[in-house]
1. Got a sec? Which of ALA211, ALA176, ALA196 is of a type in the set (A, V, I, L, M), more than 18 Å from the chain's Cα centre (by Cα) and crowded, with 19+ Cβ neighbours inside 10 Å?
2. Can you tell me which condition MET120 does not meet? The list is (1) part of a helix (DSSP H, G or I); (2) free of Cβ contacts under 8 Å to residues at least 24 places away in the same chain; (3) in contact with a strand residue (DSSP E or B) (Cβ under 8 Å, 6 or more places away or on another chain), and all the others hold.
3. For THR99, are the conditions met, namely being over 30 Å from VAL26 (Cβ atoms), among the β-branched types (Val, Ile, Thr) and surrounded by fewer than 16 Cβ atoms within 10 Å (Cβ to Cβ)?
4. Being at pLDDT 95 or above and under 21 Å from ILE271 (Cα atoms) narrows it down to one of LYS44, LYS38, so name that one.
5. Looking at (1) surrounded by fewer than 22 Cβ atoms within 10 Å (Cβ to Cβ); (2) without any contact (Cβ under 8 Å) to a residue 40 or more places away in the chain; (3) hydrophobic (A, V, I, L, M, F, W, C), which one does ILE219 not meet, given that it meets all the others?
6. What is the number of the single condition among (1) more than 22 Å from GLN24 (Cα to Cα); (2) at pLDDT 95 or above that PHE155 does not meet?
7. With the structure loaded, tell me whether GLU206 is of a type in the set (Asp, Glu), assigned by TED's automatic domain parsing to the domain that holds GLY90 and within 20 Å of the chain's Cα centre (by Cα) or whether it fails that test.
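The values are calculated or read from the model by the stated rules, or taken from the named source; none is laboratory data. Remember, predicted model here, so these are calculated numbers, not experimental data. As a convention, Cβ positions derive from the backbone with ideal geometry for all residues, glycine included, and neighbour counts pool all protein chains shown.
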Amino acid sequence: MGSVKEDLGISVKRQEDFSEWYHQVVLRSGLAEYSPVKGCMVIKPWGYAIWEKIQNYLNKKFKELGVKNAYFPLFIPKSILSKEEEHVEGFVPEVAWVTRGGERELEEPLAIRPTSETIMYDVFSKWVRSYRDLPLLINQWANVVRWETKATRLFLRTREFLWQEGHTVHATKEEADEMVFKMLDIYYALVKDLLAIEVVKGYKTESEKFAGALYTTTIEGLMQDMKSLQMGTSHNLGQNFAKAYDIKFLDKDGKEKYAWQTSWGVSTRLIGALVMVHGDDKGLVLPPRIAPLHVVVVPIWFKNTREKVIEYVDIIKQKLDSIAFYGEGIDYEIDERDDLTPGFKFNEWELKGVPLRIEAGLKDAEKNQVVIYRRDTDEKKSYALEEITDIIPTLLEDIQRNLYERSKKFLEDHIIEIKSYDEFKEVIEKRKGIAYAYWCGNEKCEESIKEETKATSRCIPLDFYGKDFSNEKCIYCNSKAKYKVLFARAY
């Protein structure tokens, strides 16, 4: 391990080695680091502050819908996990098991939750008795464990990660459908309004849907290396789990019926998406609404000017205390470290992705001005001190809007309409973007495409779901098309 200064800064460009670039940005910006436990990570304060903003945003939305937070056990008895066959079959390869407690063998192995449907629904069966108990709307913030055998990558694929998982119980399919799409819209708003990322909303194909679900909806983003990332899912579970876990209710007509259920979630992989969508060769570029700090102030002094500069910075601080952004005050820091040069500080805060930097030296104090640097455009401009209470919120909103528009244009520019399988392979293999192609709906074609190109079906966009494409031909087998699907290599 080198010194702090040696390790600060990104030594590889995105176009040269995207994987190594990502690795360096996550580590050197202070988002996370590797854990002594193989395949797990330590989320550092800079990264966890981003996760807290996601939590705060979603908790507000959940409350508006009447969703209540709760917590369920980490351990799931094997007998409970095994009740829904399709679900357990989908997760067994990734389940970690506890078979001993202290010196004693357990009477029944305990799974460390890969997801919580089974343990929650066993309890739901006791909570739901009558139509008056519905809808039941529960969310939990938790960690889950999936014993990945593939190569792990910080935030994107680790054996333990953080997420929220919502689980709801309804009287009818229509109510469950409505809940599925309410949550999909909330996730879309989250990534658009907070993370400044454009995504596609769609349905997963049968082979890609959540194990045990009636159907799965998703939001899919495109990273700068042309790989897709599933950023949130919302599932209609039908009555499969209700029948397996005996979740029944006495309806208004006096008849006992099985409930309809949904589940939905996002995870800390959203932080990985922030890096891969907005990051540049200097490091992170954080949208202001998700940034742990909105502004960093770097005083520039020499030994004989330090006192006067600090006095001026105190005036700047008073201005910053009065500024509101996105319904709250702004988060800022004064970097008064004496042992580092201004240039080093500039590089460090740029690496960490802070949206705005204020530079203030003796000349600025004499002119009653400040220099403001924008991380998204690398632009510097001088402003009169009295302007900053108005200009900083304006700049922050402009950065947020600019980053979203960039993301939207990037996605739109790289969704490529495909007319032939040769063209399909070229788009995927040369990483030109997402292939938008017709498909017959046959899982054998889908599997063959995956084997030959490593591309998977990402989603059937909502706008095209249910439309008649029988006049078109499947990209792989040339039979009548049933769907128009986005295909890409994915994380």
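1. Details: ALA211 fails: crowded, with 19+ Cβ neighbours inside 10 Å; ALA196 fails: more than 18 Å from the chain's Cα centre (by Cα).
That would be ALA176, the only listed residue that is of a type in the set (A, V, I, L, M), more than 18 Å from the chain's Cα centre (by Cα) and crowded, with 19+ Cβ neighbours inside 10 Å.
2. MET120 satisfies all of (1) part of a helix (DSSP H, G or I); (2) free of Cβ contacts under 8 Å to residues at least 24 places away in the same chain; (3) in contact with a strand residue (DSSP E or B) (Cβ under 8 Å, 6 or more places away or on another chain) except (2).
3. Working: over 30 Å from VAL26 (Cβ atoms): yes; among the β-branched types (Val, Ile, Thr): yes; surrounded by fewer than 16 Cβ atoms within 10 Å (Cβ to Cβ): yes.
Criteria met by THR99.
4. LYS44
5. Only one criterion is unmet by ILE219, namely (1).
6. (1)
7. Taking the combined requirement at face value, the residue does not satisfy it.
To keep it simple, each residue is scored yes or no on (1) touching a helix residue (DSSP H, G or I) at 6+ places or on another chain (Cβ under 7 Å); (2) surrounded by fewer than 16 Cβ atoms within 10 Å (Cβ to Cβ).
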residue: THR389; (1), (2): yes, yes
residue: THR394; (1), (2): no, yes
residue: ARG401; (1), (2): no, yes
residue: TYR404; (1), (2): yes, no
residue: ILE418; (1), (2): yes, no
residue: ASP422; (1), (2): no, yes
residue: ILE428; (1), (2): yes, no
residue: GLY433; (1), (2): yes, no
